[in-house]
Amino acid sequence: MECLRSKARTPLNGTGLIGKEPWWKAAVFYQVYPASFKDSSAEGWGDIPGLISELDYLADLGVDCVWLSPVFESPQADMGYDVSDYQAIYAPYGTVVDVDRLTAECHARDMKLILDLVVNHTSVEHAWFKESRSSKTSPKRDWYIWRPARYDSHGRRIPPTNWRGYFAGPTWTWDEDTQEYYLHLYAPDQPDLNWENDECREAIYNDTMRFWLDRGVDGFRIDTVNKYSKRTEYVDAPVTDPQSDSQPAPEMWCNGPRIHEFIREMNQKVLAPYNAVSVGELSNMASPHDVIPYVSASAKELDMVFEFSMIRLGTGGGFGPKYIYRPYTLSTFKETVKKFQTFIEGTDAWTTVFCENHDNGRAVSRFGDTSTPELWRASAKTLALWQITLTGTLFLYQGQEIGMVNMPSEWGIEEYKDVESRNFYQEAVDSGDEQRVRDTMHGLRILARDHSRIPFQWDGGKKNAGFSEGDRTWMRVHDGFGEINAMKQRGDQGSVLEFWKRALRLRKRFKDLFVHGRFTALEEGDEKRFVYLKESTTESGGNRRALVVMNWSKEVQKCVDVKKSLGCEGADEVRLLFSTTDRGPKMVGGEHEAALRPWEGRVYVNFEAGDI
Ligand code: TEU
């Protein structure tokens with residue numbers, strides 16, 4: 001093992017830095033949802049050999065690190081986020097040897113690989129849980145969270161607390177054999193591990209983390225990272241949803257009393273010794289300032305986190321009304337972006353940039369405009385321009401680079417396979433309220449996790465969009481794959497894909513501005529235009545500034561006063577660095593065309609950039 005480790009890992013110094021900054025700050029991460037990326041076996045389910053066959057595509061796009069969503073042994077109650085064996089691979093994905101090959105093939109292309117670490121809970125099928133549930137005196141009983149029943153005034157058995165889980169229903173399930181409830185923040189198939197138990201934590205570090213780091217993977221995306229420490233009083237949450245028996249209770253199990261101790265320990269014992277990169281999923285944060293302790297370099301906890309304020313816009317909150325769509329304004333959207341761009345200023349913390357993942361609808365369908373092919377293309381590019389000009393580490397989700405869109409709105413609930421979608425829909429049906437059913441379906445059409453999980457659209461001329469040669473695919477292929485697919489866009493300089501490639505190169509070339517620069521929001525109250533300034537703060541960056549101007553609407557908008565916004569004396573000092581339109585806006589006597597076309601985005605700079 002020792003030898004594998006030293007061969008596979010890049011030698012870094014103690015803090016994980018290459019030169020002045022760690023490699024992962026300017027890196028482009030790309031999330032692969034393996035069931036839907038590429039199927040090599042005609043089973044209709046993506047697999048690791050399929051992913052390996054497309055690594056050149058990812059390298060060509062400009063990806064530096066692949067994040068692979070869970071491929072471990074699992075009954076798939078929650079698409080592998082319910083792991084029954086951390087050291088085995090779910091057979092339809094391949095084998096441990098395939099993962100080794102994937103690691104080697106990534107490294108051969110100068111890319112890194114991170115795995116998804118799901119250790120807030122296991123599957124009910126995991127040997128640890130089976131042992132834990134076998135008897136009250138099992139040595140592993142305390143590895144999960146067991147509590148006795150309560151009884152109401154009629155002597156009826158009720159759960160230990162009134163908490164509502166993520167996937168609707170209570171967070172507790174009764175175990176007949178041992179006559180106690182176990183806790184699960186997600187599905188009953190996903191019992192929560194008890195991080196308070198020292199042996200349990202050691203087993204997590206060893207059996208789930210070191211096992212894969214020893215095989216050469218470069219780190220982890222860490223699922224639900226702020227939910228390991230619960231408040232151990234196990235008391236009821238205040239009743240905020242009187243219609244329901246179970247209540248939202250994130251304050252009871254999120255950011256609990258020992259959370260920083262646990263993450264620091266994980267860092268000290270595993271992440272740091274291996275120089276492993278970490279990006280944790282951080283939900284339910286009240287303020288960006290609460291994020292800092294998790295990602296401050298000196299705190300030695302996590303390198304990065306995903307904070308969800310922006311990606312949650314439009315949902316009706318995390319719990320009961322999540323899929324009751326709540327419209328919001330562009331200024332609210334911009335305010336959220338600003339918060340999570342600027343909160344790291346003056347600190348040693350770091351931030352991330354993303355607008356898609358496997359738990360959300362497609363960005364172009366949610367934030368852009370898919371009403372015509374022209375607006376789809378323009379808005380997909382402007383969303384790309386927005387992402388590549390933001391400060392922090394950039395994460396792309398599979399298919400985002402070709403502007404994949406939500407499932408067609410005509411598709412019915414039967415095409416939604418996700419446990420969360422199905423449970424919320426069923427809950428609405430069970431309420432007997434038809435309006436709620438219609439509203440939930442409307443919300444699901446925009447926000448459901450299913451949209452990002454349909455098969456990748458590789459090729460418009462091939463069966464199943466080139467995803468699989470099988471007769472069936474595990475989720476239905478989008479009807480519009482003939483229009484939106486990678487093959488059609490490859491080499492077409494006007495396409496979304498080729499735009500992303502150029503944009504990613506540009507981001508890296510001017511990383512002082514885009515990856516590291518200071519963000520200042522402009523025109524904040526404007527409901528049509530999204531405008532901000534990025535300034536280089538490095539010495540070598542001098543006085544370099546970039547002005548990002550985007551038309552976030554389908555109508556023509558006036559451009560801002562570029563010269564003034566960039567702080568330039570003369571118009572001749574202003575350069576158009578980049579634009580979403582094929583040839584860029586016209587130059588008229590040194591002045592730029594004032595009108596911004598629908599969903600047009602431009603980046604102006606105050607320096608001579610040379611050829612780009
Ligand atoms: O998600 C954690 C989570 O709580 C949410 O952010 C998630 O978006 C979900 O929709 C809850 O409403 C992680 C995984 O990303 C997700 O796919 C899993 O279902 C979940 O953990 C449980 O492991």
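Table for the structure above
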| read-out | value |
| --- | --- |
| Among the residues listed as Asp116, Asp142, the single one being within 16 Å of the ligand (Cβ to nearest atom) and in contact (Cβ under 8 Å) with a residue 12 or more places away in the chain | Asp116 |
| Residue under evaluation Trp552, criteria (1) over 29 Å from Gly610 (Cβ atoms); (2) without any contact (Cβ under 8 Å) to a residue 60 or more places away in the chain, criterion not met | (2) |
| Qualifying residues in the range 548-574 (those that are in contact with a Lys or Arg (Cβ under 8 Å, 6 or more places away or on another chain) and assigned to a strand (DSSP E or B)) - the one farthest from Phe514 (Cα to Cα) | Gln557 |
| Tyr416 vs. criteria touching a helix residue (DSSP H, G or I) at 6+ places or on another chain (Cβ under 7 Å), hydroxyl-bearing (Ser, Thr, Tyr), closer than 21 Å to Thr370 by Cβ and within 15 Å of the ligand (Cβ to nearest atom) | yes |
| Any hit, the range 199-209, residues being touching a Cys at 6+ places or on another chain (Cβ under 7 Å), touching a residue at least 12 places away in the same chain (Cβ under 8 Å) and away from the ligand (no atom under 16 Å from the Cβ) | no |
| Val96 vs. criteria touching a residue at least 12 places away in the same chain (Cβ under 8 Å), within 15 Å of the ligand (Cβ to nearest atom) and of a type in the set (A, V, I, L, M) | no |
| Odd one out for Leu113, checked against (1) outside any loop (DSSP other than H, G, I, E, B); (2) more than 24 Å from Gly219 (Cα to Cα) | (2) |
| Leading residue by the ranking (nearest to Ala35 (Cα to Cα)) among those in the range 437-458 that are touching a Gly at 6+ places or on another chain (Cβ under 8 Å) and in a loop (DSSP other than H, G, I, E, B) | Pro455 |
| Test result for Gln190, of a type in the set (S, T, N, Q) and touching a residue at least 40 places away in the same chain (Cβ under 8 Å) | yes |
| Condition broken by His592, with the remaining ones in (1) of a type outside the set (Gly, Ala, Ser); (2) crowded, with 19+ Cβ neighbours inside 10 Å; (3) at pLDDT 90 or above satisfied | (3) |
| Phe308 vs. criteria touching a strand residue (DSSP E or B) at 6+ places or on another chain (Cβ under 6 Å) and within 15 Å of the ligand (Cβ to nearest atom) | no |
| Given (1) within 15 Å of the ligand (Cβ to nearest atom); (2) at pLDDT 95 or above, number of the condition Ala168 does not satisfy | (2) |
| Those residues of the range 320-335 which are in a helix (DSSP H, G or I) and touching a Lys or Arg at 6+ places or on another chain (Cβ under 8 Å), in sequence order | Leu330 |
| Which numbered condition Thr342 fails, given (1) within 16 Å of the ligand (Cβ to nearest atom); (2) over 20 Å from Tyr397 (Cβ atoms) | (1) |
| Conditions (1) touching a residue at least 24 places away in the same chain (Cβ under 8 Å); (2) surrounded by fewer than 14 Cβ atoms within 10 Å (Cβ to Cβ); (3) of a type in the set (Gly, Ala, Ser): number failed by Ser153 | (1) |
| Residue, nearest to Phe354 (Cα to Cα), within the range 61-88, restricted to residues that are surrounded by fewer than 22 Cβ atoms within 10 Å (Cβ to Cβ) and hydrophobic (A, V, I, L, M, F, W, C) | Leu61 |
| In the range 122-150, residue surrounded by the most Cβ atoms within 10 Å (Cβ to Cβ) [restricted to those that are in contact with a helix residue (DSSP H, G or I) (Cβ under 9 Å, 6 or more places away or on another chain) and in a strand (DSSP E or B)] | Tyr144 |
| Condition met for Gly517 (over 25 Å from the mean Cα position of the chain (by Cα) and either of a type outside the set (A, V, I, L, M, F, W, C) or at positive phi (or both)) | no |
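The values are calculated or read from the model by the stated rules, or taken from the named source; none is laboratory data. Source: prediction; values computed, not measured. We place every Cβ from the backbone using ideal geometry, glycine too, and count neighbours over all the protein chains shown.
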